[in-house]
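Have a look at the structure below before the remarks.
Where a number appears in this text, it was derived from the coordinates with a stated rule and is not lab data. The structure displayed is predicted, hence computed values, not measured ones. A quick note on method: Cβ atoms are made from the backbone with ideal geometry, for glycine too, and the neighbour counts reach across all protein chains shown.
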Amino acid sequence: MIPLTTYLFQKAVRNPVIDDALVLIISEITSAAKIISGKVRKAALLDILGSARKTNVQGEEVQKLDELANEIIIETLKCTGKACMLASEEVEDCLVLSDTGYSIAFDPLDGSSNIDVNVSIGTIFSIQKEDVKKPGREQIAAGYVIYGPSTMLVLAFKDSVSVFCLDPESGNFILVKDNFKMPEKGKIYSINEANYHKWTEDGLRKFVDSLKEQKYTLRYVGSMVADVHRTLFKGGIFIYPADVKNKNGKLRLLYEANPMSFIVENAGGLATTGKEPILDVVPQELHQRVPVILGSKWEVEECLKYLNG
Ligand code: AHM
Ligand code: MG
């Protein structure tokens, strides 16, 4: 039974990239996630379901829980004194706290549309040195917490991916899988197929058709954390492509695509925009979007073959 903090200190002995400040930041993000997890579990009792009657910088409706999760993470990270820059899906500009330290980009509560219907949602985070607007390949660590039947943390460094489960009794995230590797091939694809005729790439339609012929099954929750979590554990592919309305897809590079791609690649999978690895995209804007194709090596390579004709 190895709790997260013990795991981090043990890992720091072998990996000089993990300094005390990073341990503190990761511990505190997960403390914030425990508070969010508690609120999510009691949301209907606390009257925090539903819309906050605002739209965010992306023009999307903000839910009360989005707002609450955002405040919890920002206040928790400010208190560490080790975070120099914060970027949140819910905040238009970067919050600059100091000149040096770690920068954290996060989606406080991903899958907002699922909040009111009691379907899994999550918190996604990406940690960089100094500046938040750097290619994903330079991430120091990344992870997500999924608020599902159990609350789980998936945490990646350059050399490893580890999985933790929140023990509600002790309040600790306990290590359940170290050096996690995803299957090289699966049987599931995950994409919002209602947009089939709107996808800009003909090759993508052909690829999805070919999966059906190969008797793949479709699973789509509509919460990236849940869809990526399943893809990691069962293998297969998750796609949020470009379509005629959303030329760069829907998902945001810095706090959705990059951390998930970092996890997937370090677990042995692949993540691409269809043109280049997501982790190599040089960010231009804080809230920029990218097409996302990620998952098992076999399916992602196959998808690229169809996209490249
Ligand atoms: P959000 O960050 O506002 O919740 O939006 C992102 C979510 C992802 O979790 C999910 O993959 C995607 O939106 C689903 O979009 P769609 O409903 O268009 O299929
Ligand atoms: Mg999101």
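Mind checking the log10 I(q)/I(0) for segment 179-286 at q = 0.11, 0.13, 0.16 Å⁻¹? Debye, one equal scatterer per Cα, no solvent, two decimals. So the normalised log intensities are -0.34, -0.48, -0.74. Between GLN288 and LEU218, the simple spin-label model (points 7 angstrom out along Cα→Cβ) gives 3.2 nm.
Of the three principal axes defined by the Cα atoms of segment 101-144, the extents in descending order read 38, 14, 14 Å.
For the chain, a simple Cβ point-charge model (Lys and Arg +1, Asp and Glu -1, everything else neutral) yields a dipole of about 800 debye relative to the Cα centre.
When 1/r is averaged over all different Cα pairs and the result inverted, which Kirkwood radius in Å belongs to segment 18-105? Kirkwood hydrodynamic radius for segment 18-105: 13.9 Å. Ellipsoid fit via the Cα gyration tensor, segment 4-177: semi-axes of 26, 20, 13 Å, each the root of five times an eigenvalue, largest first.
Electrostatic tally near PRO283: other residues with Cβ closer than 9 Å to its Cβ, Lys and Arg +1, Asp and Glu -1, net +1. Cross-link partners for LYS42 among the lysines, with Cα-Cα distance under 18 Å and sequence neighbours closer than 8 places in the same chain left out: LYS34, LYS64.
Sequence-ordered 3J(HN,Hα) estimates for segment 191-205 from the Karplus curve with 6.51, -1.76 and 1.60 and θ = phi - 60° stand at 7, 6, 6, 4, 8, 2, 6, 9, 4, 7, 9, 5, x, 5, 4 Hz, glycine and proline given as x.
Structure shown: which of LYS133/LYS206; LYS177/LYS234; LYS250/LYS305 lie over 26 Å apart, alpha-carbon to alpha-carbon? Can you show the working numbers first?
Values: LYS133/LYS206 35 Å; LYS177/LYS234 15 Å; LYS250/LYS305 23 Å.
LYS133/LYS206, as the Cα separations exceed 26 Å there.
Taken along the Cα-to-beta-carbon direction at a fixed 7 Å, the label points for HIS197 and LYS305 span 3.0 nm. Extension gain for the segment ALA52 to GLU276, taken as residue separation times 0.36 nm less the Cα-Cα distance, is 76.9 nm to one decimal. Note on the chain: along the principal axes its Cα atoms extend 51, 47, 39 Å, ordered by decreasing extent. Annotation for LYS42 and THR100: the two label points, set 7 Å from Cα along the Cα-Cβ direction, are 4.2 nm apart.
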